[in-house]
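Notes follow the structure.
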Amino acid sequence: MSLTKKILIALVLGVIFGIGFTFVPQELFTTINTYILDPVGQIFLNLIMMLVVPLVFVSITLGTAGLGEPAKLGKIGIYTVGFFLVTTSCALVIGLGLGYLLEPGKEGVFETTEEFEPGEAPPIMETIVNIIPENPIASMADGEMLQIIAFAIFIGIALALLGEKTAGIYRLFEQANEIFNWIVNFVMKAAPYGAFALVASAIGDAGLDAVGSMAMYMVTVVLGLIVHGLVIYSLAIWWIGRANPFKFYKGFFPAMSVGFSTSSSNATLPFSMKTAQENLGVKKEISSFVQPLGATINMDGTAIMQAVATVFISQVYAIPLEFTDMLMVVLTATLASIGTAGVPSVGLIMLAMVLAQVGLPVEGIALIVGIDRLLDMLRTSLNITGDATCAFIISEQEKRKELKAKQL
Ligand code: ASP
């Protein structure tokens, strides 16, 4: 059986078991969760997390060195960031539009089920200045993705320019890359078990009670995710990438399902890069540059949640949003995504920033916390798909350019 099929079955079983767990006595679920699901899920998560920093560092260095001239890297960088900004803005507009259309916060009694303490998101200028790390080793220890990317780019450029002089180190990086790829392949075999455990545990833990009055909010977010994936990404793949979006989705599915089970774009990176390179034929040097960057700065699924949540909270508290407020939502949410890493539930921290910016009560987040865990899984899948879409279309454009150059 192919890995994709196995993961799919694991996901379906995970959802079924997760829902089943909501009907068994709480103590039984807690025991199963503590002794089976949680450890299996955590071991799987740790196995992939341990690869993220070394893999990103080595593959971006090689990717940059492989691109050769810094000017080419600059062009791809600008294109990538441009694509991310445009798609995130589209995601926010879709989220706001659906929020107004479906009015998830208009009727119903919404109860606050949990407490929410908003964390601090770093100010945007600080993030930009700190992209250049003061201490790259500390950045790696802390998993600061943008800083690791910046450091790797410098080393990659130096390797490209120094050529023969540093051929030994270049080879060392190539061999290290081989090693990490081997481990990724190895860990991928455990993905069905890990995915099952993570999904069953998350759903069993979140419970379905929380859905109740929040069903309309959930439907609105999920619809937004589907519309964005099917319309915006498919258009980009078909129009710019000149490829069949269905084939793209079929090929990328294994990574999407791992994103779904881990709820973390960062943790999914080793899988999403490998899947894009092997199943979608994305050039290595492009995948290794665009996808790690995307995992940190591009979160369209999260943007949709934030837009819907903002409209939802404004409806529940009956505080209407002006047009300028909506522009503010688009601006703040886009900037907030740059400064925050793709880890579970970070979207709520970003949402706190957005709400504060447009003068809505931040306590409103408490309403959606209960079901956010479930939505986080879905939006993370979309987040990593956006990164892969960008890598795919750039890679296809590059391939066409190379072909043209050969024909001349
Ligand atoms: N978990 C999401 C991600 O890693 C971010 C979020 O929406 O909380 O992409």
*Quick one: accessible surface of TYR100, probe radius 1.4 Å, all protein chains present, in square angstrom to the nearest 10.*
90 Å²
*Could you look at the stretch 246-292 and say what percent of its accessible area is carbon and sulfur, using a 1.4 Å probe and all protein chains?*
59 percent
*Provide the per-residue ³J(HN,Hα) series for the stretch 77-90, in order, calculated from phi with Karplus coefficients 6.51, -1.76, 1.60 and θ = phi - 60°, each as a whole number of Hz, with x at glycine and proline positions.*
x, 5, 4, 4, 5, x, 4, 4, 5, 5, 5, 5, 5, 4
*Which cross-chain or sequence-distant (5 or more) residues have an amide H under 5 Å from the amide H of THR340, H modelled 1.01 Å from N in plane?*
none
_ASP300, ASP38, ranked by accessible area, largest first (probe 1.4 Å)_ = ASP38, ASP300
*Where does helix 365-407 land angle-wise versus the long Cα axis of the chain, in degrees 0 to 90, nearest 10?*
30 degrees
*So what are the ³J(HN,Hα) numbers for the stretch 221-235, from phi and the Karplus equation (6.51, -1.76, 1.60; θ = phi - 60°), rounded to whole Hz, Gly and Pro as x?*
5, 4, 4, x, 5, 5, 4, 4, x, 6, 8, 5, 5, 4, 4
*asked:* If you scale each eigenvalue of the Cα gyration tensor by 5 and take the root, what three semi-axes come out for the chain, rounded to whole angstrom and sorted largest first?
replied: 35, 25, 20
*Spin-label point model (7 Å from Cα, Cβ direction): what's the ASP142 to TYR249 distance in nm?*
4.0 nm
*Degrees, to the nearest 10: 3-21 long Cα axis against longest axis of the chain*: 20 degrees
*asked:* Using alpha carbons only, how many angstrom separate the centre of the stretch 143-176 from the centre of the stretch 22-60?
replied: 32 Å
*If the limit is 19 Å between Cα atoms, which of LYS283/LYS406; LYS75/LYS283; LYS6/LYS250; LYS75/LYS250 go over it?*
LYS75/LYS250
_Loop-only trypsin sites (Lys or Arg not before Pro) in the stretch 123-215, please: DSSP not H, G, I, E or B, and at most 15 other Cβ atoms within 10 Å._
LYS189
*Given q = 0.18, 0.19 Å⁻¹, what are the Debye log10 I(q)/I(0) values for the stretch 266-408, with equal point scatterers placed on the Cα positions and solvent ignored?*
-0.95, -1.01
_Please state the shape class of the stretch 36-107: rounded when a/c is under 1.5, otherwise prolate if a/b exceeds b/c and oblate if not, all from the C-alpha gyration tensor._
oblate
*Find the centroid of the Cα atoms in the stretch 390-408 and in the stretch 180-227, then give the distance between the two in whole Å.*
35 Å
*Once amide H atoms are built 1.01 Å from N in the peptide plane, which residues 5 or more positions from ALA243, or in another chain, come under 5 Å H to H?*
TRP238
_Compute the distance from the alpha-carbon center of the stretch 76-95 to that of the stretch 276-326, in whole Å._
8 Å
*Given springs between every Cα pair under 10 Å in a Gaussian network model of the chain, which of THR296, THR268, THR127 has the largest fluctuation?*
THR127
*Using a cut-off of 15 Å between alpha-carbon atoms, which aspartates and glutamates can reach LYS404, once sequence neighbours fewer than 8 places away in the same chain are excluded?*
GLU396
_Estimated distance in nm for a label pair at GLN407 and LEU161, the labels positioned 7 Å out from Cα along Cα-to-Cβ_ = 3.6 nm
*Report, ordered by chain and residue number, the aspartates and glutamates lying within cross-link reach of LYS165, taken as a straight Cα distance under 18 Å and ignoring same-chain residues fewer than 8 apart.*
GLU69, GLU174
*Step through the residues of the stretch 43-58 one at a time and calculate ³J(HN,Hα) from phi using the Karplus curve (6.51 cos²θ - 1.76 cosθ + 1.60, θ = phi - 60°), rounding each to whole Hz and writing x for Gly and Pro.*
4, 4, 4, 4, 4, 7, 4, 5, 8, 4, 5, x, 5, 5, 4, 5
*asked:* Calculate the FRET efficiency for THR324 and GLU126 from the Cβ-Cβ distance with a Förster distance of 25 Å, rounded to the nearest 0.05.
replied: 0.45
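The values are calculated or read from the model by the stated rules, or taken from the named source; none is laboratory data. The shown structure was predicted, so the numbers you read here are calculated from the model rather than taken from an experiment. Note that we place each Cβ from the backbone using ideal geometry, even for glycine, and neighbour counts take in every protein chain shown. The area values use the complete protein model at the heavy-atom level, side chains included, leaving out ligands, DNA and RNA. Shrake-Rupley method; radii C 1.70, N 1.55, O 1.52, S 1.80 Å.
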